[in-house]
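K.L.:
Below is a structure I'd like to ask you about.
The values are calculated or read from the model by the stated rules, or taken from the named source; none is laboratory data. Since this is a predicted model, take the numbers as computed values, not measurements. Quick reminder, even Gly has a Cβ in these numbers, built from the backbone with ideal geometry, and neighbours come from all protein chains shown. In case anyone asks, the SASA skips ligands and DNA or RNA and just uses the protein heavy atoms, side chains included. Shrake-Rupley method; radii C 1.70, N 1.55, O 1.52, S 1.80 Å.
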Amino acid sequence: MQQRLKVVYLDDEPELCELFEDLFASADIEVKTFTDPVRAVEAVQRERPDLFFVDFRLPGTTGIEVAQQVGPGEKYLITGELSVPLQ
């Protein structure tokens with residue numbers, strides 16, 4: 001039996017988390033979503049997903065800082081509009 005692909009998605013907008021899960025969760029893909037960066041980092045460090053999607057703009061942090069917290073060797077993709085300046 002083939003093991004399910006484990007995917008974690010972090011975005012501060014709950015609607016986008018719901019949409020991501022609706023689009024990608026399946027019998028072959030296990031999706032866990034988070035709106036809190038701290039909880040997402042804890043989950044990634046504990047469960048070691050196959051892929052971690054991280055929004056670039058998050059309250060009090062950025063996707064780059066979150067990716068650095070999960071450590072080297074993790075597979076992550078930072079999403080969002082990167083060319084818009086941070087405020």
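K.L.:
How many residues, within region 27-66, are open to solvent by 90 Å² or more (accessible area, probe 1.4 Å) and of a type in the set (Asp, Glu)?
P.N.:
2
K.L.:
In addition: In region 29-62, what residues are outside any helix (DSSP H, G or I), modelled with pLDDT of 95 or more and among the charged types (D, E, K, R)?
P.N.:
Matches in region 29-62: Glu30, Lys32, Asp36.
K.L.:
What are the pairs, 6+ residues apart or on separate chains, where a residue within region 9-26 that is surrounded by 11 or more Cβ atoms within 10 Å (Cβ to Cβ) has its Cβ under 7 Å from a residue that is among the charged types (D, E, K, R)?
P.N.:
Leu10/Asp55; Asp11/Asp55; Asp12/Asp55; Cys17/Asp11
K.L.:
Enumerate the pairs (first residue in region 69-80 and open to solvent by 70 Å² or more (accessible area, probe 1.4 Å); second residue anywhere and assigned to a loop (DSSP other than H, G, I, E, B) and modelled with pLDDT of 75 or more) with beta-carbon separation below 7 Å, excluding pairs fewer than 6 apart on the same chain, so at least 6 apart or on different chains.
P.N.:
These pairs meet every condition: Lys75/Asp50.
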